[in-house]
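The values are calculated or read from the model by the stated rules, or taken from the named source; none is laboratory data. All of these numbers come straight from a predicted model, not from anything done at the bench. Methodologically, a virtual Cβ is constructed for each residue, glycine included, from the backbone with ideal geometry; neighbour enumeration extends over all protein chains shown. Side chains are part of the model used for accessible areas, which takes the heavy atoms of the whole protein and leaves out ligands, DNA and RNA. Shrake-Rupley method; radii C 1.70, N 1.55, O 1.52, S 1.80 Å.
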Amino acid sequence: MIGAFFPESEFTIVIGNPLVVSSVTYEHVLGHILWGAVIGLGTLSIRYIILGGSFAIFLDSDHLLQFLDIELVSRMSHSIPFAVIVSIVFFVILRGKDIRICAVAFGAVLSHIAFDIFLADVALNSDTEFPLFSPFTFETISFQGLDWLGVQIIGVSVVAITSYFYKRKEIRLKNNLTKT
């Protein structure tokens, strides 16, 4: 939708039918789910492991817009601001009751990026680029080799640290209730 604000700019293109221009394979889909599930491991809860895998593959739903043959900013959902926005949306919807879902959503975007880097390196033996800070800047940043591992570790760390503090707060609240 943001691409509509930049019509006929150097950053928007008509990408084309995703069944033709995108290489969707079972390995691609299952890889995103697996990498996202690893993000959920930071919570040590099966619920968040499943959510992590689901969120990571849902990020590719932006390919559905390609069927409309409209100008888009390619890979705009593969950005840090998008991850922050998704986290904020979950925070608002859940009224701040479960910050772990917000962290898993943020981490799932990072895991999706990590798997795309991994896939480009292993399958294509090339680097891949993302507009990592769009819509603030549409300049792309190139990743290659083991860069995917660093991105994945950051995602798992965000989820694990958030989960740790959430559990700590939960235990403290439980202890306060039993004292009264």
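The calculated FRET efficiency for V122 paired with I161, based on their beta-carbon distance and R0 = 30 Å, is about 0.55. Per-residue accessible area (protein heavy atoms, 1.4 Å probe) orders S45, S111 as S45, S111, starting from the largest. When you restrict to C-alpha pairs under 8 Å that are six or more residues apart and normalise by the size of segment 68-180, the relative contact order lands at 28 percent. What does the net charge come to around L44 if you take all other residues with beta carbon closer than 13 Å to its beta carbon, with K and R at +1 and D and E at -1? Value of the local net charge: +3. The listed residues V156, V104, V84, once ranked by accessible area (1.4 Å probe) with the largest placed first, stand as V84, V156, V104. Got a number for carbon plus sulfur as a percent of segment 79-180's accessible area, 1.4 Å probe? Exposed carbon and sulfur together represent 68 percent of the surface.
Within 11 Å, Cβ to Cβ, of D147, how many net charges do the neighbouring residues add up to if Lys/Arg are +1 and Asp/Glu are -1? So the surrounding residues net to -3.
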